[in-house]
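Below is one structure; the comments refer to it alone.
Each reported figure results from applying straightforward, stated rules to the coordinates on display, with no laboratory input. Only a predicted model underlies this, so the values are computations on that prediction, with no experimental measurement involved. Positions of Cβ are generated from backbone atoms using ideal geometry, with glycine treated the same way; all protein chains shown enter the neighbour counts.
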Amino acid sequence: MKVTLTVWRQPGPSATGRFETYEVDEVSEDMSFLELFDVLNDRLIGKGEEPVAFDHDCREGICGSCSMMINGRPHGPELGTATCQLHMRKFQDGAKITVEPWRAASFPIVRDLVVDRSAFDRIVESGGYITAPTGSAPDGNLILIPKAVADSAMDAAQCIGCGACVAACPNGAANLFTAAKIMHLNLLPQGQPERWERVTNMVQTMERYFGSCTNHGECQTACPKEISIDFIALMNRDYIKAQFKQRRLASQRG
Amino acid sequence: MTKVSEAPKARLERPVHPAPKEGRRRPFIVEFYGSAVAKKWLMAVTGIMLMGFVFAHMVGNLKLYFGEKSLNQYAEWLKEIGEPILPRTGLLWILRFALLGAVVIHIVSAAQLTRMNRRARPDRYKAPRDYAAATFASRTMRWTGVIVALFVIYHLMDLTWGVGGAEWTSGEVYQNIINSFERWPIAIVYIVANLALGVHLYHGGWSMFQSLGWNNGKFNDWRRMFAIGFATIVVVGNVSMPLMVVTGVVN
Ligand code: HEM
Ligand code: SF4
Ligand code: FES
C-alpha cells in the first residue's frame, strides 16, 4: 500500500519546526507504524537526508517509549494500542496521515517527534515506591489481598508511562498517569504506611509540571493500557482525605 | 511555524506551577487552596451549593403558575424565615452571603485553573485534534459559566433592584415578572442563559462526582443520568416561565 505522511520536523529544542510531507510506497499492511518510519528513514538516508527522530524501544507495547500524535489522536485511532502495536492494515491504501509530537509545556521537544518526558520521573520520584525491607522474598500469601483489590491495583499498575494521557488532555494534565502510579500502591496493603504522604507529594509534584483535570475523559480513551479515570476519582479522594488527616492517627484504618 | 521553544532542561527547571518557598510554613487554608485538585474539590462543593440554590429558586418561582397571591406570599415568606430567632430577612442575608462566597470561590478557582491549563500547553497542536471523549459541554464550561455569571448580574438588576428597564415595584413580584418577561428580547435572554446553564450542568453535574472522589462501580452509571436529569429539570422549569409569559399564556 501507499501512504502520504505529513511529519513534524524540528532539528532541535529551540529550532523552528514545520511539517514535511513524504510519499511512502510499497508499504506492507503487516508493518507496524514504527516500521513504516523505519522504511521512511532508510529511504531518507539513501537520499542523504536527515532521518526522522522518534522514540521507540520494546516495540511490543510495554516500555512506553513510542509517542506519536497520529491524525489528531495519541497513538492513533485504535483503542488500547500503543504506536508500536498499530498496524498499517488499520489504514486505507492511499491514506493521508499526519504525525506530530506530544505537546505540553513539560514535555519539551528534543527533536522531530522526540519529547523529554522526565517530568514523569519527577512525579514518580516523589512517592511512587514503597519502603520495604529487602532481603529474601517473603512467603507467598503472607499478606492476604482481596481479589477485587488485586485486580484493581494491577489495572492501575499497567501504566507504561507513555504520556498519551497528557498529550490527549486539552488541559495538558497528567492526572491519569499520576493516579495510576499512586493508586496501584495506595490500594494494596503494602502501600498503606506511606499512603497519605505519597498522594500529597505526587499530586503536588504533578501540579508543578502539568495542567488541571476538568474530567473531559480524553485520557482514558487515548491510553494504550485503557486505564480508567475511576483512578483519578480515587486519587482525588485520597488527596483531600490526606489534607485533613491528623498525621498522628494516620495509620488507623479508614 | 511555531514559536521557538526553550531547551528541554531549562523548560523543566521552570515548571508550570512554581513550588512554594522552602522552609516557609503557610497557614492550612493557603496550603490547601494552593493545589489544583483541592481547587477542583472546592469548585465541586460550591457547585453543589449553587445547584441547590438554582433548584430551590426554580421550585419557588414555579408558584408563578399558581397565581399572583401564591407567588407574592412566597416572596414575603422568604423574608420571614428564621424569625423569631433571627431578625426579619436575617436568614435570607446569611444565605445571600453564603451564595456570594460560593460564586466567588467557584469563579476565582475556575479562572486560576484555566490560566494553569494554558501554561501547561503553551503551544497548541499544529494539526487538527480528533477528540474522542470530550463533549461540547465539557469544552465550553468556561463560556457557559461566564454567560451564566453575566446573566445573574442582569437578572438581579432586572428583578431584585428594579433597574432593568421594565416597570418595577418592590414586593409586587408577580407583576414585576410579567412586566419584564413580556418583552421579547428579554425573554430570549432568559431562555438562552438558562440553556447555557443547562449545558454547564450537563458536564458539571457529572464532573463534580469525579472531583469529589465519589466513584463506586455500583452507582457510576447513575452519575451521568443524574446530571442529565438535573439539567433537564432546571432548564424546563426555568425556560417555561419566560416562554409562558411572552406567549401570553400567563399574564
Ligand atoms: C448557577 C451557577 C452555577 C452552577 C450551579 C455551577 C455548577 C457547577 C458544577 C456542579 C461544577 C462541577 C464541579 C467540578 O467537578 O469541579 C462546575 C464546574 C465549573 N464551573 Fe460552574 N456553576 C455555576 C456557575 C459558574 C460560573 C458563573 C462560572 C464561571 C465563570 C463557572 C465555571 C465553571 C468551570 C470552569 C467549571 C469547571 C468544570 C470542569 O471542567 O470540570 N460556573 N460548575
Ligand atoms: S496512564 Fe495510560 S496514557 Fe497515561 S502514561 Fe500511563 S499508559 Fe500512558
Ligand atoms: S515501543 Fe515500547 S511501548 Fe511502543
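Cross-link reach is defined here as a Cα-Cα straight distance under 16 Å, omitting same-chain residues fewer than 8 places apart; for A:LYS181 the aspartates and glutamates meeting it are A:ASP121, A:GLU125, A:ASP151, A:ASP155, A:GLU194, A:GLU197, A:GLU207, A:GLU226, A:ASP230, A:ASP238.
Under the convention that each Lys and Arg Cβ holds +1 and each Asp and Glu Cβ holds -1, the size of the dipole of the protein assembly as shown around its Cα centre is about 1600 debye. The range A:207-243 and the range B:13-59 have Cα centres lying 16 Å from one another.
Placing unit charges on the Cβ atoms of the charged side chains and taking the dipole of the range B:78-204 about its Cα centre, the candidate lying farthest along the positive direction among B:THR169, B:LEU197, B:THR140 is B:THR140.
Rounded to the nearest 20 debye, the dipole size of the range A:118-252 about its Cα centre is 460 debye, using +1 on the Cβ of Lys and Arg and -1 on the Cβ of Asp and Glu.
For the range A:3-111, a simple Cβ point-charge model (Lys and Arg +1, Asp and Glu -1, everything else neutral) yields a dipole of about 500 debye relative to the Cα centre.
Which FRET efficiency, nearest 0.05, do B:TRP161 and B:THR140 yield, Cβ-Cβ r, R0 22 Å?
0.15
Of the residues A:GLY191, A:ILE97, A:LEU44, the one whose Cα sits farthest toward the positive end of the charge dipole of chain A, with +1 on the Cβ of Lys and Arg and -1 on the Cβ of Asp and Glu, is A:GLY191.
If R0 equals 60 Å, the separation of the Cβ atoms of B:ILE107 and A:VAL39 corresponds to a calculated FRET efficiency of about 0.70. Separation of the range B:86-130 from the range A:67-128 is 32 Å, based on Cα centroids. Once each part is reduced to its C-alpha centroid, what is the distance from the range A:1-26 to the range B:185-205 in angstrom? One Cα centre to the other: 45 Å. Remark: the A:GLN192-A:GLU60 segment gains 44.3 nm on full extension, using 0.36 nm per residue and subtracting the alpha carbon distance. Between A:GLU20 and A:ILE143, full extension at 0.36 nm per residue minus the direct alpha carbon distance yields a gain of 38.7 nm.
Considering only beta bridges that DSSP places wholly inside the range A:1-112, some 75 percent are antiparallel.
Note on B:TRP184 and A:GLN158: the model spin-label points, each 7 Å out from Cα along the C-beta direction, lie 5.7 nm apart. Taking other C-beta atoms within 10 Å as the exposure proxy, A:HIS56, A:HIS75, B:HIS57, A:HIS216 rank B:HIS57, A:HIS56, A:HIS216, A:HIS75 from fewest upward.
Each of B:TRP77 and A:ARG248 was given a label point 7 Å from its Cα along the Cα-to-Cβ line. The distance between the two points is 5.0 nm.
Out of the DSSP beta bridges found with both residues in the protein assembly as shown, what percent are antiparallel (nearest 5)? Intermediate results must be reported in sequence, preceding the final value.
On the way: 14 of 19 bridges.
For the protein assembly as shown, the DSSP antiparallel bridge percentage is about 75.
Which is the longest stretch in chain B that no exposed loop site breaks, taking sites as GluC sites (Glu not before Pro) with a DSSP loop state and at most 14 other Cβ atoms within 10 Å? Spell out each step's value before the answer.
Details: sites that count: B:GLU22, B:GLU167.
So the longest stretch without any such site is B:23-166.
In summary, the helical segments of chain B meeting the span-like criteria, namely a full DSSP H run, a Cα extent along the axis of 30 angstrom or more and a mean Kyte-Doolittle hydropathy of at least 0.0, are B:36-61, B:90-120, B:184-212, B:220-246. With point charges of +1 on the Cβ of Lys and Arg and -1 on the Cβ of Asp and Glu, referenced to the Cα centre of chain B, which listed residue (B:SER180, B:GLY47, B:ILE29) lies farthest in the positive direction of the dipole? Of the candidates, B:ILE29 comes out farthest on the positive side.
Over chain A, what is the percentage of antiparallel beta bridges among all DSSP beta bridges, to the nearest 5? Don't skip to the answer; put the middle values down first.
On the way: 14 of 19 bridges.
Restricted to chain A, the bridges split so that about 75 percent are antiparallel.
Annotation: lysines with alpha-carbon distance below 21 angstrom to B:LYS126 (same-chain offsets under eight excluded): A:LYS96, B:LYS3.
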